[in-house]
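**Student:** The structure's right below; bear with me while I get my questions together.
The values are calculated or read from the model by the stated rules, or taken from the named source; none is laboratory data. Owing to the predicted nature of the structure, the values given are computational and were not obtained by experimental measurement. Cβ placement follows ideal geometry from the backbone for every residue including glycine, while neighbour counts extend to all protein chains displayed. Ligands, DNA and RNA are excluded from the accessible area calculation, which covers all protein heavy atoms including side chains. Shrake-Rupley method; radii C 1.70, N 1.55, O 1.52, S 1.80 Å.
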Amino acid sequence: MNRWENIEYKPAPLFAPTFGPLSGIRVLLNGTVVAAPFCATMMSDFGAEVIALERPKVGGDPARHQKPQIVEGDKHIGGGWMQNSRNKLSFALETNLNIPESKEIFLSLIKNSDVWIENMVWIDKLGITDEMLMEVNPKLVICHISGYGTTGFGGEQRHINRPGYDPLGQSESGWALLQGYPDLAPYYAQQYVGDYLTGLIAVNGILMAYMNAQKTGKGQRIDASLTESWMRVMDDNFVLWTMNQTLKHRQGIMQTAFQPAGVFECGDGGYINLGSYGKTAYNNVLKGFGIDSKKYSYEECSSSPEAVASPMGRELDGIFKKFFKDHTAQDAINICIDNKISAAHIKTAEEVYNEPHWRMRGDWVKYTDQTLNKEVEAFGVMPKLSETPGQVWRGAPALGQDTNRILTELLGYSDSEIEALKGKGIID
(Lines give C-alpha, C1' and ligand atoms only; values in the text may rest on other atoms or scores of the structure.)
Protein backbone atom coordinates (compact mmCIF):
# COMPACT_ATOMS: atom_id res chain seq x y z
CA MET A 1 0.00 0.00 0.00
CA ASN A 2 1.21 3.49 -0.85
CA ARG A 3 2.14 5.83 1.95
CA TRP A 4 -0.45 8.41 0.91
CA GLU A 5 -3.23 5.85 1.36
CA ASN A 6 -2.46 5.53 5.07
CA ILE A 7 -1.86 9.19 5.79
CA GLU A 8 -4.19 10.92 8.23
CA TYR A 9 -6.14 13.87 6.86
CA LYS A 10 -5.44 17.03 8.83
CA PRO A 11 -7.84 19.93 8.24
CA ALA A 12 -6.72 23.49 7.61
CA PRO A 13 -5.57 25.77 9.00
CA LEU A 14 -2.59 23.93 10.40
CA PHE A 15 0.08 26.54 9.61
CA ALA A 16 -1.83 29.74 8.82
CA PRO A 17 -3.70 31.77 11.45
CA THR A 18 -7.48 31.59 11.54
CA PHE A 19 -9.07 34.60 9.82
CA GLY A 20 -11.24 35.53 6.87
CA PRO A 21 -14.06 33.75 5.05
CA LEU A 22 -11.78 31.16 3.39
CA SER A 23 -10.23 29.83 6.60
CA GLY A 24 -10.45 26.05 6.55
CA ILE A 25 -9.58 25.74 2.85
CA ARG A 26 -6.16 24.34 1.94
CA VAL A 27 -4.79 25.18 -1.50
CA LEU A 28 -1.90 23.38 -3.19
CA LEU A 29 -0.19 25.50 -5.85
CA ASN A 30 1.90 24.31 -8.79
CA GLY A 31 2.14 27.65 -10.55
CA THR A 32 4.74 30.22 -11.44
CA VAL A 33 5.10 33.91 -12.26
CA VAL A 34 1.66 35.57 -12.20
CA ALA A 35 -1.77 34.09 -13.04
CA ALA A 36 -1.83 30.93 -10.92
CA PRO A 37 0.16 32.38 -7.98
CA PHE A 38 -2.04 35.49 -7.93
CA CYS A 39 -5.15 33.30 -7.93
CA ALA A 40 -3.77 31.55 -4.83
CA THR A 41 -2.77 34.87 -3.21
CA MET A 42 -6.30 36.21 -3.53
CA MET A 43 -7.42 33.17 -1.56
CA SER A 44 -4.61 33.34 1.00
CA ASP A 45 -5.34 37.03 1.66
CA PHE A 46 -8.75 35.90 2.93
CA GLY A 47 -7.69 32.98 5.08
CA ALA A 48 -7.01 30.01 2.80
CA GLU A 49 -3.88 28.05 3.72
CA VAL A 50 -1.71 27.97 0.59
CA ILE A 51 1.19 25.59 0.09
CA ALA A 52 3.24 26.61 -2.93
CA LEU A 53 5.36 23.88 -4.50
CA GLU A 54 8.61 25.18 -5.96
CA ARG A 55 11.15 23.17 -7.92
CA PRO A 56 14.47 23.55 -6.05
CA LYS A 57 16.71 22.69 -9.04
CA VAL A 58 15.57 25.74 -11.01
CA GLY A 59 15.62 28.20 -8.13
CA GLY A 60 11.89 28.09 -7.45
CA ASP A 61 9.34 30.38 -9.02
CA PRO A 62 10.95 32.59 -11.72
CA ALA A 63 9.09 35.54 -10.16
CA ARG A 64 11.71 35.44 -7.41
CA HIS A 65 14.30 36.52 -9.98
CA GLN A 66 12.23 39.13 -11.83
CA LYS A 67 14.07 42.43 -12.28
CA PRO A 68 14.45 45.01 -10.95
CA GLN A 69 15.36 43.39 -7.64
CA ILE A 70 15.07 44.59 -4.06
CA VAL A 71 18.53 44.16 -2.48
CA GLU A 72 19.53 43.77 1.15
CA GLY A 73 23.21 42.92 1.69
CA ASP A 74 24.03 39.83 -0.36
CA LYS A 75 20.37 38.82 -0.74
CA HIS A 76 17.90 39.97 -3.36
CA ILE A 77 14.35 39.25 -4.45
CA GLY A 78 11.86 40.49 -7.07
CA GLY A 79 9.39 43.19 -6.11
CA GLY A 80 6.52 41.26 -7.68
CA TRP A 81 7.41 38.29 -5.48
CA MET A 82 7.32 40.50 -2.39
CA GLN A 83 3.88 41.85 -3.32
CA ASN A 84 2.15 38.73 -4.59
CA SER A 85 3.61 35.73 -2.76
CA ARG A 86 2.76 36.79 0.78
CA ASN A 87 0.59 34.62 3.02
CA LYS A 88 2.01 31.42 1.49
CA LEU A 89 4.12 28.47 2.57
CA SER A 90 6.98 27.39 0.32
CA PHE A 91 7.57 23.66 -0.13
CA ALA A 92 10.63 22.73 -2.20
CA LEU A 93 9.69 19.67 -4.27
CA GLU A 94 10.71 18.22 -7.61
CA THR A 95 7.26 17.67 -9.12
CA ASN A 96 8.27 15.00 -11.62
CA LEU A 97 6.00 12.24 -10.34
CA ASN A 98 7.97 9.62 -12.24
CA ILE A 99 10.23 9.85 -9.17
CA PRO A 100 8.57 7.57 -6.56
CA GLU A 101 9.47 9.72 -3.56
CA SER A 102 8.10 12.84 -5.24
CA LYS A 103 4.91 11.03 -6.14
CA GLU A 104 4.35 9.91 -2.53
CA ILE A 105 4.82 13.43 -1.20
CA PHE A 106 2.67 15.05 -3.88
CA LEU A 107 -0.25 12.65 -3.54
CA SER A 108 -0.09 12.98 0.24
CA LEU A 109 -0.43 16.74 -0.19
CA ILE A 110 -3.31 16.26 -2.63
CA LYS A 111 -5.11 14.10 -0.10
CA ASN A 112 -4.80 16.94 2.42
CA SER A 113 -5.88 19.72 0.05
CA ASP A 114 -9.23 21.12 -1.04
CA VAL A 115 -7.94 22.89 -4.15
CA TRP A 116 -5.09 22.27 -6.58
CA ILE A 117 -4.07 25.16 -8.86
CA GLU A 118 -1.59 24.63 -11.69
CA ASN A 119 -0.29 26.40 -14.79
CA MET A 120 2.38 23.90 -15.86
CA VAL A 121 0.42 23.05 -19.06
CA TRP A 122 2.09 19.74 -19.91
CA ILE A 123 1.36 17.92 -16.64
CA ASP A 124 1.11 14.51 -18.33
CA LYS A 125 4.86 14.58 -18.90
CA LEU A 126 5.31 14.84 -15.15
CA GLY A 127 3.19 11.77 -14.54
CA ILE A 128 0.18 13.75 -13.28
CA THR A 129 -3.41 13.24 -14.45
CA ASP A 130 -6.66 14.69 -13.17
CA GLU A 131 -8.09 11.20 -12.87
CA MET A 132 -5.23 10.11 -10.61
CA LEU A 133 -5.79 13.07 -8.29
CA MET A 134 -9.56 12.59 -8.18
CA GLU A 135 -9.01 9.00 -7.08
CA VAL A 136 -6.83 10.21 -4.23
CA ASN A 137 -9.26 12.99 -3.27
CA PRO A 138 -12.77 12.80 -4.80
CA LYS A 139 -13.74 16.24 -3.42
CA LEU A 140 -10.70 17.96 -4.93
CA VAL A 141 -11.23 21.14 -6.96
CA ILE A 142 -8.67 21.23 -9.78
CA CYS A 143 -7.98 24.56 -11.49
CA HIS A 144 -5.95 24.57 -14.72
CA ILE A 145 -4.68 27.96 -15.89
CA SER A 146 -3.23 28.11 -19.40
CA GLY A 147 -2.86 30.23 -22.49
CA TYR A 148 -5.41 28.53 -24.72
CA GLY A 149 -7.24 25.92 -22.66
CA THR A 150 -6.58 22.39 -21.45
CA THR A 151 -7.48 18.91 -22.65
CA GLY A 152 -10.99 17.75 -21.81
CA PHE A 153 -12.80 20.99 -22.51
CA GLY A 154 -12.76 20.90 -26.31
CA GLY A 155 -10.55 22.66 -28.81
CA GLU A 156 -7.69 21.65 -31.07
CA GLN A 157 -4.72 19.96 -29.46
CA ARG A 158 -2.23 22.03 -31.46
CA HIS A 159 -3.58 25.18 -29.79
CA ILE A 160 -3.84 23.57 -26.36
CA ASN A 161 -0.16 22.61 -26.64
CA ARG A 162 0.96 26.17 -27.43
CA PRO A 163 2.96 28.02 -24.79
CA GLY A 164 1.11 31.16 -23.76
CA TYR A 165 1.57 34.34 -21.78
CA ASP A 166 -0.40 37.54 -21.29
CA PRO A 167 0.41 39.59 -24.45
CA LEU A 168 -0.29 36.51 -26.59
CA GLY A 169 -3.70 36.11 -24.95
CA GLN A 170 -4.41 39.78 -25.60
CA SER A 171 -3.46 39.28 -29.23
CA GLU A 172 -5.41 36.08 -29.93
CA SER A 173 -8.55 37.39 -28.17
CA GLY A 174 -8.93 40.44 -30.42
CA TRP A 175 -8.27 42.83 -27.55
CA ALA A 176 -4.80 44.02 -28.59
CA LEU A 177 -5.98 45.04 -32.06
CA LEU A 178 -8.17 47.69 -30.43
CA GLN A 179 -5.31 49.28 -28.44
CA GLY A 180 -3.22 52.16 -29.74
CA TYR A 181 -3.51 54.57 -32.65
CA PRO A 182 -5.12 53.79 -36.02
CA ASP A 183 -1.99 54.79 -37.97
CA LEU A 184 0.41 52.79 -35.77
CA ALA A 185 0.91 49.14 -34.92
CA PRO A 186 -1.49 47.74 -32.29
CA TYR A 187 -0.35 47.63 -28.68
CA TYR A 188 -1.10 45.65 -25.56
CA ALA A 189 -1.64 46.41 -21.87
CA GLN A 190 1.40 46.30 -19.61
CA GLN A 191 1.95 44.95 -16.08
CA TYR A 192 0.61 41.41 -16.72
CA VAL A 193 -2.96 42.68 -16.42
CA GLY A 194 -4.31 39.65 -18.31
CA ASP A 195 -2.61 37.29 -15.87
CA TYR A 196 -4.26 39.11 -12.99
CA LEU A 197 -7.60 39.10 -14.82
CA THR A 198 -7.35 35.35 -15.40
CA GLY A 199 -6.39 34.80 -11.77
CA LEU A 200 -9.52 36.64 -10.63
CA ILE A 201 -11.75 34.67 -13.00
CA ALA A 202 -10.13 31.45 -11.78
CA VAL A 203 -10.81 32.36 -8.13
CA ASN A 204 -14.47 32.79 -9.02
CA GLY A 205 -14.56 29.33 -10.60
CA ILE A 206 -12.73 27.74 -7.68
CA LEU A 207 -15.14 29.12 -5.09
CA MET A 208 -18.18 28.00 -7.10
CA ALA A 209 -16.72 24.51 -7.51
CA TYR A 210 -15.73 24.36 -3.83
CA MET A 211 -19.26 25.26 -2.74
CA ASN A 212 -20.63 22.51 -4.95
CA ALA A 213 -18.10 19.98 -3.60
CA GLN A 214 -19.19 20.73 -0.03
CA LYS A 215 -22.82 20.07 -0.98
CA THR A 216 -22.32 17.02 -3.18
CA GLY A 217 -19.01 15.51 -2.05
CA LYS A 218 -17.80 15.63 -5.65
CA GLY A 219 -14.94 17.74 -6.92
CA GLN A 220 -14.48 18.98 -10.46
CA ARG A 221 -12.04 20.53 -12.90
CA ILE A 222 -11.85 24.20 -13.89
CA ASP A 223 -10.31 25.43 -17.13
CA ALA A 224 -9.30 29.13 -17.13
CA SER A 225 -7.34 30.42 -20.11
CA LEU A 226 -5.64 33.77 -20.63
CA THR A 227 -7.11 34.19 -24.10
CA GLU A 228 -10.69 33.43 -23.09
CA SER A 229 -10.39 35.76 -20.10
CA TRP A 230 -9.63 38.59 -22.51
CA MET A 231 -12.44 37.43 -24.80
CA ARG A 232 -14.86 37.65 -21.87
CA VAL A 233 -14.12 41.36 -21.37
CA MET A 234 -14.39 42.36 -25.03
CA ASP A 235 -17.63 44.24 -24.26
CA ASP A 236 -19.85 44.45 -27.38
CA ASN A 237 -17.27 43.44 -30.00
CA PHE A 238 -18.43 39.89 -30.69
CA VAL A 239 -22.14 40.73 -30.72
CA LEU A 240 -21.52 43.64 -33.08
CA TRP A 241 -19.74 41.23 -35.40
CA THR A 242 -22.23 38.36 -35.23
CA MET A 243 -25.27 40.63 -35.62
CA ASN A 244 -24.03 43.47 -37.84
CA GLN A 245 -20.63 42.35 -39.17
CA THR A 246 -19.27 45.50 -37.53
CA LEU A 247 -15.64 45.63 -36.43
CA LYS A 248 -14.33 48.24 -34.04
CA HIS A 249 -10.95 49.84 -34.70
CA ARG A 250 -8.16 51.55 -32.79
CA GLN A 251 -8.88 55.18 -31.99
CA GLY A 252 -5.94 56.29 -29.88
CA ILE A 253 -6.45 58.21 -26.66
CA MET A 254 -9.46 60.29 -27.79
CA GLN A 255 -13.04 59.15 -28.25
CA THR A 256 -14.46 59.71 -31.73
CA ALA A 257 -18.13 59.00 -30.97
CA PHE A 258 -18.71 61.67 -28.30
CA GLN A 259 -16.87 64.40 -26.41
CA PRO A 260 -15.24 65.48 -24.20
CA ALA A 261 -13.67 62.07 -23.78
CA GLY A 262 -10.02 61.12 -23.83
CA VAL A 263 -6.63 62.06 -22.45
CA PHE A 264 -5.71 65.74 -22.24
CA GLU A 265 -2.24 67.15 -21.56
CA CYS A 266 -1.95 69.78 -18.84
CA GLY A 267 0.36 72.76 -18.50
CA ASP A 268 2.72 71.00 -16.08
CA GLY A 269 3.15 67.96 -18.32
CA GLY A 270 0.57 65.90 -16.41
CA TYR A 271 -2.49 64.29 -17.97
CA ILE A 272 -6.21 64.13 -17.26
CA ASN A 273 -8.49 61.36 -18.51
CA LEU A 274 -11.94 62.83 -19.00
CA GLY A 275 -15.16 61.11 -20.04
CA SER A 276 -18.71 62.46 -20.27
CA TYR A 277 -21.22 60.30 -22.12
CA GLY A 278 -24.72 61.65 -22.73
CA LYS A 279 -26.34 65.05 -22.85
CA THR A 280 -26.65 65.59 -19.09
CA ALA A 281 -22.98 64.79 -18.44
CA TYR A 282 -21.94 66.90 -21.44
CA ASN A 283 -23.81 69.96 -20.20
CA ASN A 284 -22.38 69.48 -16.72
CA VAL A 285 -18.82 69.55 -18.11
CA LEU A 286 -19.46 72.71 -20.08
CA LYS A 287 -20.99 74.37 -17.02
CA GLY A 288 -18.03 73.38 -14.85
CA PHE A 289 -15.56 74.71 -17.43
CA GLY A 290 -17.54 77.92 -18.03
CA ILE A 291 -18.32 77.07 -21.69
CA ASP A 292 -21.53 78.28 -23.35
CA SER A 293 -23.71 75.18 -23.85
CA LYS A 294 -26.11 77.07 -26.15
CA LYS A 295 -23.37 77.98 -28.56
CA TYR A 296 -21.77 74.54 -28.34
CA SER A 297 -24.89 72.40 -28.07
CA TYR A 298 -24.77 68.68 -27.42
CA GLU A 299 -26.64 67.98 -30.65
CA GLU A 300 -24.16 69.94 -32.77
CA CYS A 301 -20.92 68.97 -31.02
CA SER A 302 -21.19 65.61 -29.25
CA SER A 303 -24.27 63.55 -30.14
CA SER A 304 -22.61 61.46 -32.87
CA PRO A 305 -19.26 60.86 -34.61
CA GLU A 306 -20.39 63.34 -37.26
CA ALA A 307 -21.08 66.00 -34.62
CA VAL A 308 -17.69 65.44 -32.97
CA ALA A 309 -15.98 65.79 -36.38
CA SER A 310 -17.96 68.89 -37.39
CA PRO A 311 -16.34 72.36 -37.41
CA MET A 312 -18.16 73.29 -34.19
CA GLY A 313 -17.16 69.97 -32.65
CA ARG A 314 -13.50 70.51 -33.55
CA GLU A 315 -13.66 74.07 -32.24
CA LEU A 316 -14.99 72.78 -28.91
CA ASP A 317 -12.24 70.16 -28.75
CA GLY A 318 -9.71 72.98 -29.10
CA ILE A 319 -11.33 74.80 -26.16
CA PHE A 320 -11.05 71.69 -24.00
CA LYS A 321 -7.41 71.23 -24.94
CA LYS A 322 -6.61 74.86 -24.18
CA PHE A 323 -8.39 74.63 -20.82
CA PHE A 324 -6.15 71.79 -19.69
CA LYS A 325 -2.97 73.38 -21.06
CA ASP A 326 -3.83 76.47 -19.01
CA HIS A 327 -4.00 74.42 -15.77
CA THR A 328 -1.80 72.03 -13.87
CA ALA A 329 -3.10 68.48 -13.62
CA GLN A 330 -3.88 68.94 -9.92
CA ASP A 331 -5.77 72.20 -10.51
CA ALA A 332 -7.70 70.62 -13.38
CA ILE A 333 -8.71 67.54 -11.39
CA ASN A 334 -9.80 69.73 -8.47
CA ILE A 335 -12.10 71.65 -10.79
CA CYS A 336 -13.50 68.38 -12.14
CA ILE A 337 -14.07 66.91 -8.68
CA ASP A 338 -15.68 70.10 -7.36
CA ASN A 339 -18.09 70.11 -10.32
CA LYS A 340 -18.78 66.36 -10.22
CA ILE A 341 -17.19 65.88 -13.64
CA SER A 342 -16.05 62.32 -14.36
CA ALA A 343 -12.31 62.69 -14.76
CA ALA A 344 -9.10 61.26 -13.35
CA HIS A 345 -5.53 62.41 -12.93
CA ILE A 346 -3.18 59.95 -14.66
CA LYS A 347 -0.76 59.33 -11.81
CA THR A 348 2.60 57.77 -11.17
CA ALA A 349 2.97 55.03 -8.55
CA GLU A 350 4.54 57.65 -6.28
CA GLU A 351 1.52 59.93 -6.61
CA VAL A 352 -0.90 57.09 -5.92
CA TYR A 353 1.12 56.04 -2.88
CA ASN A 354 1.03 59.59 -1.48
CA GLU A 355 -2.68 60.15 -2.11
CA PRO A 356 -4.31 60.71 1.33
CA HIS A 357 -7.59 59.09 0.25
CA TRP A 358 -6.03 55.64 -0.17
CA ARG A 359 -4.07 55.99 3.06
CA MET A 360 -7.27 56.77 4.93
CA ARG A 361 -8.74 53.57 3.45
CA GLY A 362 -5.85 51.53 4.84
CA ASP A 363 -4.55 50.39 1.45
CA TRP A 364 -0.88 50.14 2.44
CA VAL A 365 0.38 47.39 4.74
CA LYS A 366 3.76 46.44 6.18
CA TYR A 367 5.11 42.93 6.65
CA THR A 368 8.47 41.16 6.77
CA ASP A 369 9.80 39.58 3.59
CA GLN A 370 11.16 36.16 4.51
CA THR A 371 14.03 36.14 2.02
CA LEU A 372 15.52 39.49 2.97
CA ASN A 373 14.21 39.54 6.55
CA LYS A 374 13.30 43.14 5.77
CA GLU A 375 10.11 45.10 6.31
CA VAL A 376 8.12 45.64 3.12
CA GLU A 377 5.41 48.20 2.49
CA ALA A 378 3.03 47.00 -0.19
CA PHE A 379 -0.53 47.33 -1.42
CA GLY A 380 -2.88 45.66 1.01
CA VAL A 381 -5.96 43.47 0.78
CA MET A 382 -9.00 44.07 -1.36
CA PRO A 383 -11.94 43.83 -1.65
CA LYS A 384 -12.79 45.08 1.82
CA LEU A 385 -15.16 42.91 3.86
CA SER A 386 -16.98 44.35 6.86
CA GLU A 387 -17.28 41.17 8.96
CA THR A 388 -14.55 38.77 7.78
CA PRO A 389 -11.76 40.96 6.39
CA GLY A 390 -8.58 39.61 4.91
CA GLN A 391 -5.15 40.30 6.29
CA VAL A 392 -1.45 39.84 5.61
CA TRP A 393 -0.02 37.51 8.23
CA ARG A 394 3.29 36.74 6.58
CA GLY A 395 5.66 38.05 3.94
CA ALA A 396 6.61 36.06 0.84
CA PRO A 397 8.49 32.91 1.93
CA ALA A 398 12.09 32.01 1.24
CA LEU A 399 12.53 29.08 -1.13
CA GLY A 400 11.70 25.85 0.68
CA GLN A 401 11.26 27.65 3.98
CA ASP A 402 8.40 25.40 5.09
CA THR A 403 9.40 22.06 3.57
CA ASN A 404 10.54 20.33 6.76
CA ARG A 405 7.64 21.61 8.81
CA ILE A 406 5.02 20.48 6.28
CA LEU A 407 6.66 17.08 5.86
CA THR A 408 6.69 16.62 9.63
CA GLU A 409 3.47 18.20 10.86
CA LEU A 410 1.14 17.56 7.91
CA LEU A 411 2.52 14.45 6.21
CA GLY A 412 4.01 12.63 9.22
CA TYR A 413 7.58 12.19 7.95
CA SER A 414 10.20 11.48 10.60
CA ASP A 415 13.51 13.33 10.84
CA SER A 416 15.34 10.29 9.48
CA GLU A 417 12.96 10.00 6.52
CA ILE A 418 13.44 13.66 5.68
CA GLU A 419 17.21 13.30 5.93
CA ALA A 420 17.06 10.34 3.54
CA LEU A 421 15.31 12.53 0.94
CA LYS A 422 18.03 15.16 0.94
CA GLY A 423 20.73 15.23 -1.69
CA LYS A 424 18.55 13.49 -4.29
CA GLY A 425 17.13 16.56 -5.95
CA ILE A 426 13.69 15.84 -4.49
CA ILE A 427 13.37 18.47 -1.76
CA ASP A 428 16.67 20.29 -2.24
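**Student:** Could you work out the local net charge near Gly217, counting Lys and Arg as +1, Asp and Glu as -1, over the other residues with Cβ closer than 14 Å to its Cβ? Kindly include the intermediate steps, with their values, before the conclusion.
**Tutor:** Working: positive: Lys139, Lys215, Lys218; negative: Asp114.
It works out to a net charge of +2.
**Student:** Same structure again: Nearest 5 is fine: what % of DSSP beta bridges in the chain come out antiparallel, could you say?
**Tutor:** Within the chain, antiparallel bridges account for around 45 percent of the total.
**Student:** Are any of the pairs Lys248/Lys340; Lys67/Lys424; Lys111/Lys218 more than 20 Å apart by Cα-Cα distance, and if so, which?
**Tutor:** Details: Lys248/Lys340 30 Å; Lys67/Lys424 30 Å; Lys111/Lys218 14 Å.
Over 20 Å Cα-Cα: Lys248/Lys340; Lys67/Lys424.
**Student:** Here's another thing I want to ask about it. Suppose every K and R has +1 on its Cβ and every D and E has -1 on its Cβ; what is the size of the dipole of the chain about the Cα centre, in Debye to the nearest 20?
**Tutor:** Roughly 380 debye for the chain.
**Student:** A follow-up question, please. Per-residue HN-Hα couplings for region 242-253, Karplus 6.51 cos²θ - 1.76 cosθ + 1.60 at θ = phi - 60°, whole Hz, x for Gly and Pro?
**Tutor:** Computed from phi, the couplings for region 242-253 are 5, 9, 10, 6, 9, 10, 6, 9, 5, 10, x, 9 Hz.
**Student:** Something else: I'd like the Karplus ³J(HN,Hα) series for region 185-198: coefficients 6.51, -1.76, 1.60, θ = phi - 60°, whole numbers in Hz, and an x wherever there's a Gly or Pro.
**Tutor:** 4, x, 10, 8, 6, 8, 6, 6, 4, x, 4, 5, 4, 5
**Student:** Under 22 Å Cα to Cα from Lys347, which lysines show up? Leave out anything in the same chain fewer than 8 places away.
**Tutor:** Once the sequence-local lysines are set aside, what remains near Lys347 is Lys321, Lys322, Lys325.
**Student:** Here is a follow-up. So what is the relative contact order of the chain, in percent, for Cα pairs below 8 Å that sit 6 or more residues apart?
**Tutor:** That works out to 19 percent.
**Student:** Compute a Gaussian network model of the chain, connecting alpha carbons closer than 10 Å, and tell me which residue from Met132, Met82, Met231 fluctuates the most.
**Tutor:** Met132
**Student:** Mind scanning Lys88/Lys374; Lys10/Lys88; Lys10/Lys366 and naming the pairs with a C-alpha gap bigger than 24 Å?
**Tutor:** Checking Cα-Cα distances, Lys10/Lys366 exceed 24 Å.
**Student:** Have a look at Ser108, Gly73, Leu14 and report the one farthest towards the positive end of the charge dipole of region 1-136, computed about the Cα centre with Cβ charges (Lys/Arg +1, Asp/Glu -1).
**Tutor:** Of Ser108, Gly73, Leu14, it is Gly73.
**Student:** Which far-off residues, 5 or more places away or on another chain, put their amide H under 5 Å from the one on Ser225, with H placed in the peptide plane?
**Tutor:** Placed amide hydrogens put Ser146 under 5 Å from Ser225.
**Student:** Using just the helices of the chain, give the 222 nm mean residue ellipticity in deg cm²/dmol: DSSP H runs with n ≥ 4 each add -39,500 (n - 2.57), and the total is spread over all residues, rounded to 500.
**Tutor:** -10500 deg cm²/dmol
**Student:** Now, a different point. Please give the Cα centre distance for region 148-225 versus region 346-370, rounded to the nearest Å.
**Tutor:** Between the Cα centre of region 148-225 and that of region 346-370, the gap is 29 Å.
**Student:** Next question, about the same structure. Could you check how much of the accessible area of region 317-428 is carbon and sulfur, as a whole percent, using a 1.4 Å probe?
**Tutor:** Carbon and sulfur atoms account for 53 percent of the accessible area of region 317-428.
**Student:** How do Ser171, Ser23 stack up against each other in accessible area, from largest to smallest, with a 1.4 angstrom probe?
**Tutor:** Final ranking, largest accessible area leading: Ser171, Ser23.
**Student:** Students often get this wrong, so try it: which of (i) 28.4, 88; (ii) 25.9, 87; (iii) 21.5, 68 is Rg and Dmax of the Cα atoms in Å as calculated from the structure shown?
**Tutor:** Answer label, from the structure shown: (ii).
**Student:** I've got another one for you. Residue by residue through region 381-388, which ³J(HN,Hα) values in whole Hz follow from phi under the Karplus form 6.51 cos²θ - 1.76 cosθ + 1.60 (θ = phi - 60°), with glycine and proline marked x?
**Tutor:** 9, 8, x, 8, 10, 6, 9, 10
**Student:** Right, something else. Please compute the per residue accessible area over the chain with all protein chains in place, 1.4 Å probe, rounded to a whole number of Å².
**Tutor:** So the chain comes to 50 Å² accessible per residue, rounded to a whole number.
**Student:** Over region 331-414, what is the mean sequence separation of C-alpha contacts under 8 Å (at least six apart), divided by residue count, expressed as relative contact order in percent?
**Tutor:** Taking the mean separation of contacting Cα pairs over the length of region 331-414, I get 18 percent.
**Student:** Further, regarding this structure: Collect residues whose amide H, placed 1.01 Å from N in the peptide plane, falls under 5 Å from the amide H of Ala92; neighbours closer than 5 in sequence don't count.
**Tutor:** Glu54, Gly400, Asp402, Thr403
**Student:** Right, here's the next one. Just tell me which lysines come within less than 17 Å, Cα to Cα, of Lys125; anything on the same chain fewer than 8 places away is out.
**Tutor:** Partners within reach: Lys103.
**Student:** Same structure again: Return the single residue from Ala224, Ala213, Ala202 with maximal mean-square fluctuation; model: Gaussian network over the chain, springs between Cα atoms under 10 Å.
**Tutor:** Ala213
**Student:** Taking amide H atoms as placed 1.01 Å from N in the peptide plane, list the residues 5 or more away in sequence, or in a different chain, whose amide H sits under 5 Å from that of Asp268.
**Tutor:** Ala329
**Student:** Can you compute the FRET efficiency between Val263 and Val392 using 1/(1 + (r/R0)^6), with r the Cβ-Cβ distance and R0 = 41 Å? Round to the nearest 0.05.
**Tutor:** It comes out at approximately 0.75.
**Student:** Would you tell me the accessible area of Asp326, worked out with a 1.4 angstrom probe on the heavy atoms of the protein chains, in Å² to the nearest 10?
**Tutor:** 100
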